[in-house]
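Let me begin by presenting the structure, written as C-alpha cells, before commenting on it.
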Amino acid sequence: MSELTGLLPGLEVIRKDFPILERRLSGDLPLVYLDSANTSQKPQVVIDTMVDHLERHNANVARAMHQLGAESSAAFEEARDKVARFLNAPSRDEVIFAKNASEALNLVANTMAWAGPLEVKAGDRVVITEMEHHSNIVPWQLLTERKGAELRWFGLTDDGHLDLSNIDELITENTKVVALTWVSNMLGTVNPIAEIARRAHEVGAVVVVDASQAAPQLPVDVQAVDADFLAFTGHKVTGPTGIGVLWGRTELLDQLPPFLGGGEMITTVTMEKSTYAGIPHKFEAGTPPIVEAVGLGAAVDYLTEIGLENIHRHEQAVTGYLLDGLATIGGVSVLGPTDPAQRGGAVSFEIAGIHPHDVAQTLDAGGIAVRAGHHCAKPAHKRFGVQSSTRASSYLYTTPAEIDALIEGINYTKKYFKVT
Amino acid sequence: MDLDSLYQEIILDHYRSPHHAGLREPYEAEVHHVNPTCGDEITLRVHLDGDPDNLIVTDVSYDAEGCSISQAAASVMTDLVIGQPVDKAFAAHEAFLELMQGRGQVEPDEEVLEDGIAFAGVAKFPARIKCALLSWMAFKDATAQVATKEEA
C-alpha cells in the first residue's frame, strides 16, 4: 500500500529507530502496536540519551557544586529549552516540569483555589467539555466543589464535535476558566482551540488546554492558539514516563501561589516564613525527574527533526486508511468524526455483539495491541450510549500493513464469536 | 496465547444465554459493583429465606454489563448458589476465588464448581481475573448485608 499518500517518507527507516517494533510475541508473532494514544514507543535516541546521562552525567541538579552537578543541571535546563522551542513558548521559564499531564493540570486547578488574582471563588464558573479525559474533569470538580463555584460543560454533537451552539450561554462574565482538550483521546476530534480561546478571553477567562493527544501529532504553537496554560505528557511524545509539562504565560504563573512546597522552590526559608523562587522553579519542589526530562528533550528533538507537519500528515493518511477498512466490516461503528481531516490518530469503535474486552483479547492473541475500556473518558462514552469501546491508535511508525492486520484480526474476532 | 483455553465453549454458551438474568422481586439487599479499570458493572439482588441459623439463597437476580467472561461468570454463579444454604454458597465462592488466584496451578473440583471449572483457563490471563470475580464479589457483599441485617 505504498501508494497511500501522506505517509512519512522512509517509514521503514523510522521504524528501525524503535527497537521494540522488532519484538516477537507469544507464538513468534510480530508486534502490531496500535496503542500509541495510551503510550508511544521510544526511539533508540531517547533510550541512548537517558542511558548516557545515567552512565556519565548523573548528579542532582542546581544544588551540586561539582562537575557532574554542572553537567546534569545543564542537561536538565537544556531539556527545558528544547521543550520551549517545541511549544514555541515566548520564554523558557514558562516551561514547568511535572510528573505527567495530570499533575500539570492539577497544578493549575489546585493553585487557583488559593487567595490571589486568579482565585476561583463561590459563584464563579469553570467550563469544561463532555469529551475530556478524567484528568481534565476531576481536578475542576474538586476545585469547584471546594470553592462553591459552578462547573459547566460543552456537550457533544452526534458526530463527535463540541456543541458550540450555546457558547454565549456557557462562557459568561462569571467564567474564570475554560479548560478543554485539543484532541480527544476517545473520539479523535480536533477542537477549535483558537476560536474558543478568543471567546474565553473576551470575558477575561483563563484558557487551559490539555494537549496530551495533540502534542504527539500536531504542531503545537502556544502563541498561535492563544492558550494561557497548556499541559502534555512525555510518554506520549516518544519520551519516558514520569515527566510531564505545564506551559503557562509568565504573568499568570507569577500570579499563582506555589503548588508543592520543598527544596528548590524557595528564595529563603526561616522558621517563620519562606519566600519563593521565580518561575519555573517556584513550581518544581524537590529533586525533579532529571533523566526523564533529559529523555523528553531528546524525544521532542526527534519529533521536530521528522517534522510535526509530516507526522500529522502521516497520521491522517493512516487514520483515513483505518476508517476505510473499518467501514468494510459489518456491525462496526466508529465513535467520533469519520473524516480523517477533522481528527487525530485514535479511533474508537464498537463491534455489535462483542464486548471490547473480548475484542482486545482476541486481537492480542494475534499480536495486535489495542486498548479496550472507557479510556478514562466515561462521560464521553455515556454521551454516545456505550459503556466501553475498542480503540486503535496509530503513530509515526504505523504502517498500512499493520492496519491490514487489524482489519483481518477484527474479521477473525467476529468469526470466533460467531457474530455476522 | 491460547484463546480457546480462555474462551471455553461452556463460557460462550453462558455468555450467549445467561441464566437467571434480570432483576426480580422480592429481595433483601441490592448492590451495585463496578470494575473501575474497564467499566464493567453489575446490579445484583439477593433474596434469602429460612430461619436465621440456616438461611437459604432463594434467588439471585442481576443486571450486568460487561465482557463474555464477566457475563458468563454471573450466570454460572447463580446456578451454583441459588437454592443453596448461605454457607455452601460462600464455600463455592471460596473455591472459585482459589481457582482464579491459582495462576493456572489449581485443579478445580467439578463437584463444587460445576460449570465454573470452565474458568480454569481465565486464571492464566491476569487482566481477566477481575472480570470473572465481579459478580461473585457483588453476591458476597449483598448476602453479607442481609445476614448482618438479620442478626441486628
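If we keep just the residues of region A:28-48 that are more than 26 Å from A:THR189 (Cα to Cα) and out of contact with any Asp or Glu (no Cβ under 9 Å at 6 or more places or on another chain), which is farthest from the other protein chains (Cβ to nearest Cβ)? The extreme case among them is A:ASP48.
Considering each residue of region B:34-49, count those that are at pLDDT 95 or above and either surrounded by fewer than 19 Cβ atoms within 10 Å (Cβ to Cβ) or within 14 Å of chain A (Cβ to nearest Cβ) (or both), and give that number. The number of residues fulfilling the criteria is 2. At least 2 residues being over 23 Å from the mean Cα position of the chain (by Cα) is the threshold, and among the helices (runs of 4 or more DSSP H) wholly inside region A:6-124 those reaching it are A:11-16, A:44-52, A:67-87. Under 9 Å by Cβ, and 6 or more places apart or on different chains, what pairs join a residue from region A:84-96 that is more than 19 Å from A:THR287 (Cα to Cα) with one that is assigned to a loop (DSSP other than H, G, I, E, B) and β-branched (Val, Ile, Thr)? Final answer for the pair search is A:PHE86/A:VAL220; A:PHE86/A:VAL237; A:LEU87/A:VAL220; A:ASN88/A:VAL220; A:SER91/A:ILE279. Per the conditions (1) under 30 Å from A:SER40 (Cα atoms); (2) touching a Gly at 6+ places or on another chain (Cβ under 9 Å); (3) of a type outside the set (Phe, Trp, Tyr); (4) surrounded by fewer than 21 Cβ atoms within 10 Å (Cβ to Cβ), the sole criterion not satisfied by A:GLY188 is (4). Before we move on, is A:VAL237 touching a Phe, Trp or Tyr at 6+ places or on another chain (Cβ under 6 Å) and of a type outside the set (Lys, Arg)? It is false that A:VAL237 is touching a Phe, Trp or Tyr at 6+ places or on another chain (Cβ under 6 Å) and of a type outside the set (Lys, Arg).
Can A:ASP163 be described as in contact with a Ser or Thr (Cβ under 8 Å, 6 or more places away or on another chain), without any contact (Cβ under 8 Å) to a residue 24 or more places away in the chain and under 24 Å from A:PHE384 (Cα atoms)? Full working, then the answer.
Details: in contact with a Ser or Thr (Cβ under 8 Å, 6 or more places away or on another chain): yes; without any contact (Cβ under 8 Å) to a residue 24 or more places away in the chain: yes; under 24 Å from A:PHE384 (Cα atoms): yes.
For A:ASP163, the condition - in contact with a Ser or Thr (Cβ under 8 Å, 6 or more places away or on another chain), without any contact (Cβ under 8 Å) to a residue 24 or more places away in the chain and under 24 Å from A:PHE384 (Cα atoms) - is met.
Scanning region B:113-152 for residues that are touching a residue at least 60 places away in the same chain (Cβ under 8 Å), crowded, with 17+ Cβ neighbours inside 10 Å and of a type in the set (Lys, Arg) yields B:ARG128, B:LYS130.
Listed by first and then second residue, the pairs with beta-carbon distance under 6 Å, at least 6 apart or on different chains, first residue in region B:50-72 and surrounded by 22 or more Cβ atoms within 10 Å (Cβ to Cβ), second of a type in the set (Asp, Glu), are B:GLY66/B:ASP40; B:CYS67/A:ASP358; B:SER68/A:ASP358; B:SER70/B:ASP40.
If I ask for residues that are within 13 Å of chain B (Cβ to nearest Cβ), under 21 Å from A:ALA365 (Cβ atoms) and part of a helix (DSSP H, G or I), which ones from region A:375-420 would you list? So that I can check it myself, show each step before the final result.
Initially, region A:375-420 is screened for residues within 13 Å of chain B (Cβ to nearest Cβ), giving A:375-382, A:385-391, A:409, A:412-413, A:415-419.
Next, only the ones that are under 21 Å from A:ALA365 (Cβ atoms) stay: A:388-391, A:409, A:412-413, A:415-419.
Of everything in region A:375-420, those that are within 13 Å of chain B (Cβ to nearest Cβ), under 21 Å from A:ALA365 (Cβ atoms) and part of a helix (DSSP H, G or I) turn out to be A:GLY409, A:TYR412, A:THR413, A:LYS415, A:TYR416.
Taking region A:338-374 as the range and being part of a helix (DSSP H, G or I) and away from chain B (no Cβ under 13 Å) as the test, the residues that pass are A:PRO340, A:ALA341, A:GLN342. Exactly one residue among B:PRO126, B:PRO52 is within 30 Å of A:VAL370 (Cα to Cα) and modelled with pLDDT under 95, and that residue is B:PRO126.
Among the residues of region A:191-225, those identified as among the acidic types (Asp, Glu), surrounded by fewer than 24 Cβ atoms within 10 Å (Cβ to Cβ) and closer than 25 Å to A:PRO337 by Cα are A:GLU195, A:ASP221. May I ask you to list the residues in region B:5-32 that are more than 14 Å from every other protein chain (Cβ to nearest Cβ), surrounded by 14 or more Cβ atoms within 10 Å (Cβ to Cβ) and not aliphatic (A, V, I, L, M)? Within region B:5-32, B:HIS19, B:HIS20, B:TYR27, B:GLU28, B:GLU30 qualify.
Please verify whether A:HIS235 is in a helix (DSSP H, G or I) and within 10 Å of the chain's Cα centre (by Cα), treating the condition exactly as stated. Judged against the criteria, A:HIS235 is a match. The single condition among (1) surrounded by 21 or more Cβ atoms within 10 Å (Cβ to Cβ); (2) closer than 30 Å to A:THR157 by Cβ that A:LEU323 does not satisfy is (1). Using the structure shown, decide if A:ASN191 is under 15 Å from the mean Cα position of the chain (by Cα) and farther than 20 Å from A:ASN100 by Cβ. Yes; evaluated as a whole, the condition is true for this residue.
The values are calculated or read from the model by the stated rules, or taken from the named source; none is laboratory data. No experiment lies behind these values; they were computed from the predicted model shown. Reconstructed Cβ throughout: ideal geometry from the backbone, glycine too, with neighbour counts over all protein chains shown.
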